[in-house]
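First comes the structure, then the notes that go with it.
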């Protein structure tokens, strides 16, 4: 992890207060991911097959 002591305190404080962590911490807290996923509220894991007319 590449967090300074101040950043660690900020993260702990935000978690204790139940607040959302700023986006900048995602890359500092977690290893790089080779996969990218598009997510949105209400997104389903259900897979559907659509037949297109062409």
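Just to confirm the number: angle between the C-alpha axis of helix 5-16 and the first principal axis of the chain, 0 to 90 degrees, nearest 10?
Value to nearest ten degrees: 60.
Here are several values of Kirkwood radius over Cα pairs in Å: (1) 14.7; (2) 11.6; (3) 12.8. Which one was derived from the coordinates shown?
Matching entry in (1) 14.7; (2) 11.6; (3) 12.8: (1).
Given a Förster distance of 25 Å, report the FRET efficiency between residue 43 and residue 17 from their Cβ-Cβ distance, rounded to the nearest 0.05.
That gives a FRET efficiency of 0.40.
Using Cα springs under 10 Å in a Gaussian network model of the chain, which residue among 19, 43, 34 shows the largest mean-square fluctuation?
Evaluated over the chain, the most mobile residue of the options is 43.
Quick note: the coordinates plus some simple rules give every number you see, no bench work behind them. Just so you know, these numbers come straight off a predicted model, no measurement behind them. Every residue, glycine as well, gets a Cβ built from its backbone with ideal geometry; the counts of neighbours run over all protein chains shown.
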